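Presented below is the structure to which this report refers.
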Amino acid sequence: RSRAGTDADEARRRMAAIVQSSEDAIASFTVDGIVTSWNRGAETLFRYSAAEIIGRPISVLVPPDRLEEFAINLSRLSREEHVPSYETERVDKDGGRVMILLSLSPLRNEQGNLVGASAIGRDISAQKRTEEVLRRNERLVTAGRLTAAIAHEIKNPLEALTNLVYLARQDSAGREEYLQRAEHEIGRLDSIAQQALGFVRETSSPEQMDAGKVLDEVVQLYLRKLQVAHITIEKECGEDLEITGYPGELRQVFANLILNAIDAMNGGGRLRLRVQRAREWSGDRRSGIRVTFADTGKGISPKDLPHIFEPFYTTKKNQGTGLGLWLAYGAVQKHGGWMRVATRTTPGMSGTVFAVFLPETPANISSQAA
């Protein structure tokens, strides 16, 4: 044998050893989906030994609700396309669901012909459980701030109702007018209650919504807080702002950005809000809406800027959890959109602008969010 052939054999043996010892699940299968190799990481993750799974269809790992996704992947592999890493679910030998980060690549023989595909799966179940705990904790923090905002909002209509009931008892001639005004105040209380429900209500599937109205609801809820902070609101809404998405999560995103702007403008200032029809500047040039939040606050320092979307990173010392922007960014990605920020810390010219783009529909989220 030639030296080159010996070196190639040695390289293959080393590669096989690396694959076999990897903690990630690594498998290969034919163009028909029949498993041909199975490493120790796959045995640990899916509980099938190599002897049990080799020769069987790789589809035994696919839950029923993911079969369409599996078929699409096979079609892409048959066209010799690489499937980039994405989060999905598979089932183990006992039928338990496993959250994995999966990537797929076509396999070719020495003649360059397609003979199958390789799959690499990484268990992210623990990571997902941790993220869910963080989300729950942040919801508790948000609920506390929301409760304080609601308490401020309902104080005025409740005081007005008390006065109107008193006047109606004292002045029989003006009773009808007082009762009409009382009905108006009750309507305000009902509106506040509906807005609060919108914040905590979650929907499992996207629905049609007007992004401008969603922003209006959030602004109304924090209007008193903005007034107390001496912050002027300038709002500009375009037309045809209907998109498909998750209203409850969008309210959380808008609320987070407004509250951050209030914190940034400690001594008062101006908050400009704009919602308009837009198309992406680059990429797929998708149609959707763009929402911008521009404040005249102190800005974000160059040291902090690269980290603001990281979990637990906060610029508010002991006042913040460091989860708000991270979760807001995740919610925007869930809609298939993106969030960008521009800031300046120059005294007298400081401020921050957050731009949120939301496509008309959150379809193909896994590829768009990446």
Quick one: would you say Glu81 is within 17 Å of Ser59 (Cα to Cα) and of a type in the set (Asp, Glu)?
no
Can you name the helices (runs of 4 or more DSSP H) wholly within region 36-129 that have at least 2 residues being touching a residue at least 24 places away in the same chain (Cβ under 8 Å) and open to solvent by 30 Å² or more (accessible area, probe 1.4 Å)?
67-78
Those residues of region 277-300 which are over 22 Å from Leu327 (Cβ atoms), open to solvent by 20 Å² or more (accessible area, probe 1.4 Å) and out of contact with any helix residue (DSSP H, G or I) (no Cβ under 9 Å at 6 or more places or on another chain), in sequence order
Arg277, Arg279, Trp281, Ser282, Arg285, Ser287
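Condition test on Ala193, is it modelled with pLDDT of 75 or more, of a type outside the set (Asp, Glu) and open to solvent by less than 50 Å² (accessible area, probe 1.4 Å)? Before the answer, list the steps.
Values: modelled with pLDDT of 75 or more: no; of a type outside the set (Asp, Glu): yes; open to solvent by less than 50 Å² (accessible area, probe 1.4 Å): yes.
Criteria not met by Ala193.
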Output the number of residues of region 238-249 satisfying the condition of being open to solvent by 60 Å² or more (accessible area, probe 1.4 Å) and under 23 Å from Ala294 (Cβ atoms).
2
Can you tell me which residue is surrounded by the most Cβ atoms within 10 Å (Cβ to Cβ) among those in region 138-177 that are at pLDDT 65 or above and of a type in the set (Lys, Arg)?
Arg175
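The values are calculated or read from the model by the stated rules, or taken from the named source; none is laboratory data. Please read all numbers here as calculations on a predicted model, not as lab measurements. Because the Cβ atoms are built from the backbone with ideal geometry, glycine has one as well, and the counts that use them run over all protein chains shown. Accessible surface areas use protein heavy atoms only, side chains included; no ligands, DNA or RNA. Shrake-Rupley method; radii C 1.70, N 1.55, O 1.52, S 1.80 Å.
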